[in-house]
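Take a look at the structure below.
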Amino acid sequence: MKAKGKVIFFGEHAVVYGYTALSIPINLSTNVNIKKNDNLVIELKNLNKKLGFEEAKKDNDFRYIIKAIELLKVKEPFFLSVSSELPVSCGLGSSASVVVATIRALSKFFNLNLPKEEIAKLSHRVEREVQGKASITDTYTISYERALKIRNNEFSFIDEFEKTVREEKLYIAYVEEREMKTADLIKVVSEKEEKEEIFKEIEEITREALSSDVERIKELMLENHKLLDKLGVSTKGLNRVVRLAKKFGCGAKLTGAGGGGCVIILGDLNEEEKELIEKIVKSLYLA
Ligand code: MEV
């Protein structure tokens, strides 16, 4: 069973404190396959790891999957294999995607017929239990596979916003590996004295973006990025890519928790501009 990734267009971090975030699903996905087996074995293909359940419990890389299996209380043993097109831990929702794909696969294998709402709820519970504070943004966007507005852990669909954004090309620049985990970055933000003022400014930008045309959305992305930098979650590498994309007339901002990871770039890039960006990032995807 597959699950997509996501990008947050506006409002990351602020959303953890009850402000608004806008997110859309992207076409890079995680695949989870389950088949019968005498023992419960989990394979993470991208990391070249294959462990039995008890050993996997002691390995951090398996914790989201273990938590999902434990929550569903499934008894029969099986072989579960995970592979993903999403670069891990870089703001594209790879953990949420693994969790949603795992729960979908378990639901199918054990004939649980879990509806979307239940998969979204369970996935969010897994994320919260593994990483502490977590908004519903990643798990719900991926479970519903639709653009969402999230506020106070409630959501609504924003198909019009996605349509507006999709008038332009959307690139994802995987800039660098993240130095810190989401939970640690959330902690950095929690310790920022002026966080509430910054969140309020982000909120205004996010609300304006929802009813703006694509040109204005590009400007607002740059403004949101500046505020994320102020919150302490950007890096030199991310700022450099955002500056270059701005020079090429695009909107750009870090996406997700920050501390490295990815920048989203909205707008057309010619071959030369693409090459210049590719020179300073790990990879550039068309999302
Ligand atoms: C992570 O993709 C986005 C954050 O806002 C955390 C969350 O919403 O749980 C940083």
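The values are calculated or read from the model by the stated rules, or taken from the named source; none is laboratory data. Given the structure is predicted, the values throughout are model-derived calculations rather than measurements. We place every Cβ from the backbone using ideal geometry, glycine too, and count neighbours over all the protein chains shown.
Which is farther than 20 Å from Met180 by Cβ, more than 14 Å from the ligand (Cβ to nearest atom) and either touching a Leu at 6+ places or on another chain (Cβ under 7 Å) or not charged (D, E, K, R) (or both), of Ile34, Ile24? So that I can check it myself, show each step before the final result.
Numbers: Ile24 fails: more than 14 Å from the ligand (Cβ to nearest atom).
Unique residue meeting the criteria: Ile34.
Pick out, from the stretch 115-234, the helices (runs of 4 or more DSSP H) lying fully within it that include 2 or more residues that are crowded, with 17+ Cβ neighbours inside 10 Å and within 16 Å of the ligand (Cβ to nearest atom). Steps first, please.
Numbers: elements: 116-131, 137-144, 159-165, 182-190, 195-210, 214-231.
Counting at least 2 such residues, we get 116-131, 137-144, 182-190, 195-210, 214-231.
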Next on the checklist: Just checking: which of the strands (runs of 3 or more DSSP E) contained wholly in the stretch 1-76 hold 1 or more residues that are closer than 26 Å to Lys230 by Cβ?
Outcome noted: 2-10, 21-36
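What do you reckon, is Glu145 modelled with pLDDT of 95 or more and over 16 Å from the mean Cα position of the chain (by Cα)? Steps first, answer last, please.
Numbers: modelled with pLDDT of 95 or more: yes; over 16 Å from the mean Cα position of the chain (by Cα): no.
No; evaluated as a whole, the condition is false for this residue.
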Checklist outcome for this item: Within the stretch 228-287, residues farther than 30 Å from Glu191 by Cβ and among the small types (Gly, Ala, Ser) come out as Gly249, Gly267, Ser283, Ala287
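Each row is one residue, and each column tells you yes or no for (1) within 28 Å of Asp184 (Cα to Cα); (2) at pLDDT below 95; (3) not β-branched (Val, Ile, Thr).
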site: Asn60; (1), (2), (3): yes, yes, yes
site: Val74; (1), (2), (3): no, yes, no
site: Phe78; (1), (2), (3): no, no, yes
site: Val100; (1), (2), (3): yes, no, no
Checklist outcome for this item: Of those in the stretch 241-259 that are assigned to a loop (DSSP other than H, G, I, E, B) and more than 13 Å from the ligand (Cβ to nearest atom), the residue surrounded by the fewest Cβ atoms within 10 Å (Cβ to Cβ) is Gly249
Next on the checklist: Scan the stretch 130-142 and tell me whether some residue there is under 18 Å from Tyr285 (Cβ atoms) and not acidic (Asp, Glu).
Outcome noted: yes
Next on the checklist: Of all residues being within 12 Å of the chain's Cα centre (by Cα) and either near the ligand (Cβ under 8 Å from one of its atoms) or basic (Lys, Arg) (or both) in the stretch 2-12, which is farthest from Leu92 (Cα to Cα)? Just the residue, please.
Outcome noted: Glu12
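Is it the case, given these coordinates, that Lys279 is surrounded by fewer than 23 Cβ atoms within 10 Å (Cβ to Cβ), of a type outside the set (A, V, I, L, M, F, W, C) and within 13 Å of Val175 (Cα to Cα)?
Details: surrounded by fewer than 23 Cβ atoms within 10 Å (Cβ to Cβ): yes; of a type outside the set (A, V, I, L, M, F, W, C): yes; within 13 Å of Val175 (Cα to Cα): yes.
For Lys279, the condition - surrounded by fewer than 23 Cβ atoms within 10 Å (Cβ to Cβ), of a type outside the set (A, V, I, L, M, F, W, C) and within 13 Å of Val175 (Cα to Cα) - is met.
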Checklist entry - Of the residues in the stretch 169-201, how many are over 29 Å from Leu276 (Cβ atoms), of a type outside the set (Ser, Thr, Tyr) and in contact with a Ser or Thr (Cβ under 9 Å, 6 or more places away or on another chain)? => result 1
Next on the checklist: Of all residues being in contact (Cβ under 8 Å) with a residue 24 or more places away in the chain and out of contact with any strand residue (DSSP E or B) (no Cβ under 8 Å at 6 or more places or on another chain) in the stretch 250-279, which is farthest from Glu215 (Cα to Cα)? Just the residue, please.
Outcome noted: Gly259
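Scan the stretch 1-33 for residues that are of a type outside the set (A, V, I, L, M) and surrounded by 24 or more Cβ atoms within 10 Å (Cβ to Cβ) and jot them down.
Restricting attention to the stretch 1-33, the residues satisfying the condition of being of a type outside the set (A, V, I, L, M) are 2, 4-6, 9-13, 17-20, 23, 25, 27, 29-31, 33.
Gly5, Lys6, Phe9, Phe10, Gly11, Glu12, His13, Ser23, Thr30, listed by residue number.
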